[in-house]
Amino acid sequence: MSQTISLRLMRRLVAGKKRLTPEALRLMRDFTASQCLADSSFMNRRGESDLYYTAFGWLLAYLLELPLNAEQQATYLTQQQPNSFDLVHYAAYRRCQLLHRLCTVGALRLAWEQRKAQTPPAFEQFAAVPLDDPWSPYARFLWLSLQEDCGQRLSSAQLELAQLAHYQTPEGGYANVAGWPTASTNATTAALSVIGQLIGYHPHTALTYLRDSQQRTGGFSATAVSPVPDLLSTATALFTLKNYAVTPRYPAADFVEAHWLANGGFAPTLLEEESDVEYLFYGLLALGSL
């Protein structure tokens, strides 16, 4: 099996970590610790334990060498009810399982265990999928990532590519709604990631749209009409361009660093001053994708 999305993300996160000074890493570690709750789960913006944020928190804790209580992590996982999850939360649950094993048995043992495929639920069993559309680029990206994390392959690359074609816009990018006239960064990066994982990271028409959508500041906006560029869109765009070995139009380091807050987190946009572990993840991903 080719390198999974999860491994590609980890590679870029490690590259981002290597760019930082010990003091910067300490600030990020302290911020990550501040988001961790007593049961070793991580909080959302409301300060509540949240599985989705816990997946980001456990990944950052591993990367930043922040010790977590393995017994509490195991207990947290056993308290979950995966049969009731939507696709987003089941993917987060599976990633948490892998991260717990990674911290418990190490990378070599986990890689060996991953040789034995797991069986995720059938797609129809999820409580919900993004946008209520199982074929949207974002839904397919999540499904492909989950399949890979379970040691599986998507059953038909030809079918996936044929369905994705319905979401490509006249301008060359992709939308998360079939037939929509304008593209979005999120949908385009999701589609390109699925395509790259299925048939290889070769030249594609959507790369021109993605590269040309970068602003002179170095950032990317969610859509052409979004008021400001944001860190999530920038991180995923840079990550995707890096996977395809495409150089961005403009340097992005200053844009990314402008979102770094004094407390060690990263702001979603320059209009905000709050952070969480999700946006620290995107900040580190963007740094590693420069």
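The values are calculated or read from the model by the stated rules, or taken from the named source; none is laboratory data. This one's a predicted model, so the numbers in the text were calculated from it and none came from an experiment. Glycine gets a Cβ as well: all are built from the backbone with ideal geometry, and neighbour counts include every protein chain shown. The protein model used for the area step is the full one, side chains on, heavy atoms only, and it has no ligands, DNA or RNA in it. Shrake-Rupley method; radii C 1.70, N 1.55, O 1.52, S 1.80 Å.
Being touching a Ser or Thr at 6+ places or on another chain (Cβ under 9 Å) and at positive phi is a condition met by no residue of the stretch 202-211.
Quick check, is T189 open to solvent by less than 40 Å² (accessible area, probe 1.4 Å) and more than 25 Å from V256 (Cβ to Cβ)? No: the conditions fail for T189.
Being small (G, A, S) and not in a loop (DSSP other than H, G, I, E, B) is the filter; apply it to the stretch 214-265 and report the residue that is most open to solvent (accessible area, probe 1.4 Å). Walk me through how you get there before you give the answer.
Applying the first criterion (small (G, A, S)) to the stretch 214-265 yields 218-219, 221-222, 224, 226, 233, 235, 237, 245, 252-253, 258, 262, 264-265.
Then keep just the ones that are not in a loop (DSSP other than H, G, I, E, B); that gives 233, 235, 237, 253, 258.
Details: S233: 7, A235: 0, A237: 0, A253: 29, A258: 57 Å².
Here the residue is A258.
Determine the pairs where a residue that is in contact (Cβ under 8 Å) with a residue 40 or more places away in the chain, located within the stretch 190-216, has a partner that is assigned to a helix (DSSP H, G or I) and aromatic (F, W, Y) with Cβ atoms under 8 Å apart, the partner being 6 or more residues away or on another chain. From the stretch 190-216, the pairs are A190/Y138; A190/F141; A191/F141; A191/Y167; S193/F141; V194/F141. Check off (1) buried (at least 21 other Cβ atoms within 10 Å of the Cβ); (2) at pLDDT below 95; (3) assigned to a loop (DSSP other than H, G, I, E, B) for L99 and give me the number that stays unchecked. So L99 meets the others, but not (3).
Candidates L13, L27: the one that is open to solvent by less than 30 Å² (accessible area, probe 1.4 Å), at pLDDT 95 or above and part of a helix (DSSP H, G or I) is L13.
Annotation: S40 fulfils all but one of (1) of a type outside the set (K, R); (2) surrounded by fewer than 20 Cβ atoms within 10 Å (Cβ to Cβ); (3) in contact with a helix residue (DSSP H, G or I) (Cβ under 6 Å, 6 or more places away or on another chain); the unmet one is (2). R19 meets each of the listed conditions (1) in contact with a helix residue (DSSP H, G or I) (Cβ under 8 Å, 6 or more places away or on another chain); (2) buried (at least 21 other Cβ atoms within 10 Å of the Cβ); (3) charged (D, E, K, R) apart from (2). What is the residue count in the stretch 25-37 for residues that are touching a residue at least 60 places away in the same chain (Cβ under 8 Å), among the aliphatic types (A, V, I, L, M) and out of contact with any helix residue (DSSP H, G or I) (no Cβ under 7 Å at 6 or more places or on another chain)? Selection size over the stretch 25-37: 1.
Filtered by the rule that a residue be under 17 Å from S49 (Cα atoms) and surrounded by 19 or more Cβ atoms within 10 Å (Cβ to Cβ), the stretch 69-87 gives Q73, Y76, F85.
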